[in-house]
Amino acid sequence: MKYSADVSSSRRKSRKAHFTATSDVRRKIMSAPLSKELREKHSVRSIPVRKDDEVMVVRGTYKGREGKIVQVYRKKWVIHIDRVTREKVNGASAPIGIHPSKVVVTKLKLEKSRNAILERKGKKDAMKQSL
């Protein structure tokens, strides 16, 4: 069922748009849900991940592991978390890429721009609930 005439519902076009997305669009797609406490505090469900956020993995082999985001690798659609690594054959440790949708943000790195985003999104959600 197509709802908007402006957006294509073609699988091919959707996939092309996703995989050729620019960095600013990828940032938005690479959002992670907030923990229950943060969701209640800020009245926001999810937010684009950032380098020093603290997250907990909720799906996959590394489920339950917590750590700080070391790198947001937009080109590969993954994030690297400080305590989620594996040992290589030569003894070096390599970070494991995890998709942001498979983690929950437990602590936000707040700054002026991030607070503005939370404020804006919080107001929008509050308006939706009042309707």
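Here are the numbers for the structure shown:
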{"read-out": "Residue match in the range 98-121 (condition: within 27 Å of HIS18 (Cα to Cα), part of a strand (DSSP E or B) and without any contact (Cβ under 8 Å) to a residue 60 or more places away in the chain)", "value": "yes"}
{"read-out": "Residues of the range 74-85 that turn out to be at pLDDT 95 or above and open to solvent by less than 30 Å² (accessible area, probe 1.4 Å), as a count", "value": "5"}
{"read-out": "Filter result (more than 23 Å from LYS76 (Cα to Cα), open to solvent by 60 Å² or more (accessible area, probe 1.4 Å) and of a type in the set (Gly, Ala, Ser)) within the range 86-123", "value": "SER113"}
{"read-out": "Filter pass, ALA126 being over 17 Å from the mean Cα position of the chain (by Cα), open to solvent by less than 50 Å² (accessible area, probe 1.4 Å) and on the phi < 0 side of the Ramachandran plot", "value": "no"}
{"read-out": "Within the range 1-59, tally of residues that are farther than 24 Å from ILE79 by Cα and of a type in the set (Lys, Arg)", "value": "5"}
{"read-out": "Counted residues, the range 15-28 - those being open to solvent by less than 70 Å² (accessible area, probe 1.4 Å) and of a type outside the set (D, E, K, R)", "value": "5"}
{"read-out": "Close pairs (8 angstrom Cβ cut-off, 6 or more residues apart or separate chains): over 19 Å from ARG50 (Cα atoms) and charged (D, E, K, R) in the range 78-89, in a strand (DSSP E or B) and open to solvent by 70 Å² or more (accessible area, probe 1.4 Å) anywhere", "value": "ARG86/SER93; GLU87/SER93"}
{"read-out": "Criterion: under 14 Å from VAL103 (Cα atoms) and in contact with a helix residue (DSSP H, G or I) (Cβ under 7 Å, 6 or more places away or on another chain) - qualifying residue of VAL44, VAL55, VAL49", "value": "VAL49"}
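Each row is one residue, and each column tells you yes or no for (1) exposed (fewer than 10 other Cβ atoms within 10 Å of the Cβ); (2) within 28 Å of ALA126 (Cα to Cα); (3) at pLDDT 95 or above; (4) among the hydroxyl-bearing types (Ser, Thr, Tyr).
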site	(1), (2), (3), (4)
MET1	yes, no, no, no
ASP6	yes, yes, no, no
LYS13	no, no, no, no
SER31	no, yes, yes, yes
SER43	no, yes, no, yes
LYS63	no, no, yes, no
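The values are calculated or read from the model by the stated rules, or taken from the named source; none is laboratory data. What you see is a predicted model; the values in this text were computed from it and never measured. Here Cβ is always computed from backbone atoms with ideal geometry, including for glycine, and neighbour counts include all displayed protein chains. Heavy atoms of the whole protein, side chains included, go into the accessibility calculation; ligands, DNA and RNA do not. Shrake-Rupley method; radii C 1.70, N 1.55, O 1.52, S 1.80 Å.
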